[in-house]
Structures are given as structure tokens and as C-alpha cells.
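Engineer: One structure follows; several queries about it will come next.
The values are calculated or read from the model by the stated rules, or taken from the named source; none is laboratory data. Treat the numbers as computed from the prediction; the structure is a model and nothing was measured. When we count neighbours, we look across all protein chains shown, and the Cβ atoms used for this are built from the backbone with ideal geometry, even at glycine. Note: accessible area is taken over every heavy atom of the protein model, side chains too, but ligands, DNA and RNA are not part of it. Shrake-Rupley method; radii C 1.70, N 1.55, O 1.52, S 1.80 Å.
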Amino acid sequence: VNPDPYQRHSLWLTLTFGLFFSLSTYGVNQSQTQRTFCTGSVKQAQRVMYYAIVGMLLLRTLINLAGVVIFAFYADCDPLTLGGKKTSNLSVTVSYVLMDLTAIPGLAGLFVASIYAAVLSSVSTQVNSMTALLWEDFLKNLKQFSTWSEVKVTRLQKLLVFLTSIVGICLSLMVTKAPAFITLLFRITGAISGPMIGLFLTGLYLPWVPGKSAGLGFIIGILLSVWIVTGQLTTQEDPPYLEMSHAGCLLSEGANTTAITTTPLSSLLNSTLHNDFVSPSTTDANLILISPDDDDESTVGSMDWLYGLSYCLNYCWGTVSCILFAIVSTLLSGWNNTETVDEKLIAPNAWLVFTKLPLPSFAPPLQKLLRRYRTHSDRKGAEYTDAKLQACDGEMVPMKSPA
């Protein structure tokens, strides 16, 4: 429960991350919103969301439970650092399946089938959503495709699906080499999805903000988020994980086989939780808590106060920056009134406040400057026109009347 924002994870950081991650997934994500739009009414869409909440709570509980069980199972014999070579922590689940679940016939195959089913379902949805977004928002309005028939459009969309899949496969092969793949993924998606959440919240709950100001806030939010993520990836290192024990590993001499001693799960859980909360001075020699070196603080750059923040806050910074810059732009350039906003596009409570609150009595500063500039330009233009007319009048020669 430490409120320090420079930790990797804490109760408040994970709650903040979960809130904005859920808003991104179920509020502005194309793959989810297109499913919501397929429902017959708003009530049905709300019912679907309630069902999804229950399902996601169950899924997250099972994921966390699986992680705790695997961590406790390997508390005395870490397969990732066995032999002195550190491997990716993504392979711990695979190690558990290959080394232990194979004892139960068919269970390993069920695990692989479940992974494939989940991946194919998610990937197909994401690829189709990306194709629909490319076509509707970028290609459909081009003159080159205005005369295309439905058959040609369908073929083009199939080609886009294929090309998008190829790009996705190449990117997946690249990012799997990253040391902290999940953290890297959440950092990058937070830089993009955070400002998107802010843009939608501005459109729904801030009817005073014009479209140009909202777009400017979104662009600035994207640039700020990308800047923060770039600094995090180039200057910061993730805090080290806990080192696991090898006391329970029995290595046979002259062979590459490893026998793992079996211990009851309850004792493993108790010992793991106990060692996780004791101080480093009283920790067993086989389970050492690694802390950052104090000497490294002298080499921290001037921007470490920003780049050192937890990646769990990336969604939050993008959302807040988008809304704040949109509001500032509105105060400087001008705001909407009830005659320029469609009530159907605004949340009911926000529209009620919009109609009750009076608009600001002062004129926007940028409008004042623009008005003064136009007045000055018009005055200069009028003076220039008068001078030209006077010059023309002085040069005019009276014409003789015909005889």
C-alpha cells in the first residue's frame, strides 16, 4: 500500500492501471466496440458489459492464482536460473507444463489447445478490427476507391487482413526478444490508448470543448506520452526480480538431468509468503531480496523524476494530459454553446450541466488577438486603397468632349 509512484507495482498503482486499462479495452478499443455495436439496443449492450465484468473478474482471478501456485511450486528450485543462465520469465509456464503436467495424460495437450484457441480468437478479432479501421477511416474516402464495387472492396479487405497478419507476426518475433515483454507492451499501449480515452471522455462529458481543441489536446497527449515512454525505454531499467532458491534441486553428477524435490503446496505457500515479507537481514541465504544500488542515484539524469514513474501510470498521464490541454485550448480559442452541439452526442448528466451553467463572460484571448489583427489589417488595407485611389486621381487627365 506504499503510495510511492516510482515503484513497479503497488496496490494503488495496479488499481489505477486496471481502471484505465478497462476503460481502454471496453470503451475505446475498436475490437470491443464493434462487438458492442452489434447488440440491438443500449440495454443489451449494458447487459453484455455486465456479463463481461463477471467473466473478466473470474479470468483475472484464475490468472493470478496460477501465477501464485507456479511461484510457490518453484520456490525451492527455479528452472529459469538453473545452471547459472537466466532465461526469459515468460517460459516459466512452459517449463511447468513440460516438466510436471506431462505426468497427467492429455493435460499438456489440453493446455496447448487452450493457448491456441485463445490466441486465434484474439488475433482474428484484432486483425479484422484493424482492417475495418483502415478502410472506413482512411481508404474509403479516397477518390481512387469511390467507384469500387462491393466485390473489389471485399478483396481489398482480405488483402489488408493478410498484410496486417504478416506485420503482426514480424512484430511478435521482434518483441519476444525483449527482456520484459509484458511491461514493454503496456508501456506502448498506454502511450496510445491513454490520450484516446481522454479524447472520448472530452467528447462525452465536456460539451464546451470544440472539436479542434479536443483534437489538439489529443495530439499533444500522444506526443507527451510517446516522449515519456521513449525516456522510460532508453534511460530506465526495470527493478530486479526476487532471486529464487536452488536448495530443492538435486543435480545428478555427470548428467544433465534434474530432479525436483516435492514439497506440499501449503508449506511452499507459507514459506514463500513468509520470505517475501521478512527483512533482507533475516532472509534465508537461498532467497535474497535485490535492492537497487544506492550509488546509482548519483548518475540519475535530470529527467528521472518523470522517466522513473511506474509504467502503470502511462494510461493515466495520457488521459489527463489530453483533457487538460483540450480545456486550455478551449479557454484560449473559444467554446461551444447549446446551439452548436448535438444533444444526442453528449452524456445526459453532462448536457444538463451544460444547459444550466452560464458560459464565461470574458472573450477568449486568441479571439481578441485575431479580432485586433483583422481590424489592423482592414485599416491598413483601407489606407492602402485610399492612397492608390488618390494617386490615380492625381494622374487622371481630363478627356476632351467629341466635336
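Engineer: Spot the failing condition for C38; the list is (1) open to solvent by 80 Å² or more (accessible area, probe 1.4 Å); (2) outside any helix (DSSP H, G or I); (3) over 24 Å from S193 (Cα atoms), and only one is missed.
Structural biologist: Of (1) open to solvent by 80 Å² or more (accessible area, probe 1.4 Å); (2) outside any helix (DSSP H, G or I); (3) over 24 Å from S193 (Cα atoms), only one is false for C38: (3).
Engineer: Among the residues of the range 351-371, write down those that are modelled with pLDDT under 80 and in contact with a Gly (Cβ under 6 Å, 6 or more places away or on another chain).
Structural biologist: Q367
Engineer: So, in the range 86-98, exactly how many residues are over 18 Å from F181 (Cα atoms) and either modelled with pLDDT under 75 or loosely packed, with under 14 Cβ neighbours inside 10 Å (or both)?
Structural biologist: 1
Engineer: Further question on the same structure: Among the residues of the range 336-368, write down those that are open to solvent by less than 50 Å² (accessible area, probe 1.4 Å) and either part of a loop (DSSP other than H, G, I, E, B) or not small (G, A, S) (or both). Before the answer, list the steps.
Structural biologist: Going through the range 336-368, the residues open to solvent by less than 50 Å² (accessible area, probe 1.4 Å) turn out to be 336, 341, 346-347, 350-351, 354, 363-364.
N336, V341, I346, A347, W351, F354, A363, P364, listed by residue number.
Engineer: Need a quick list: helices (runs of 4 or more DSSP H) entirely within the range 102-218 having at least 1 residues that are acidic (D, E) and open to solvent by 80 Å² or more (accessible area, probe 1.4 Å).
Structural biologist: Numbers: elements: 107-134, 150-175, 181-205.
Passing ranges, in order: 150-175.
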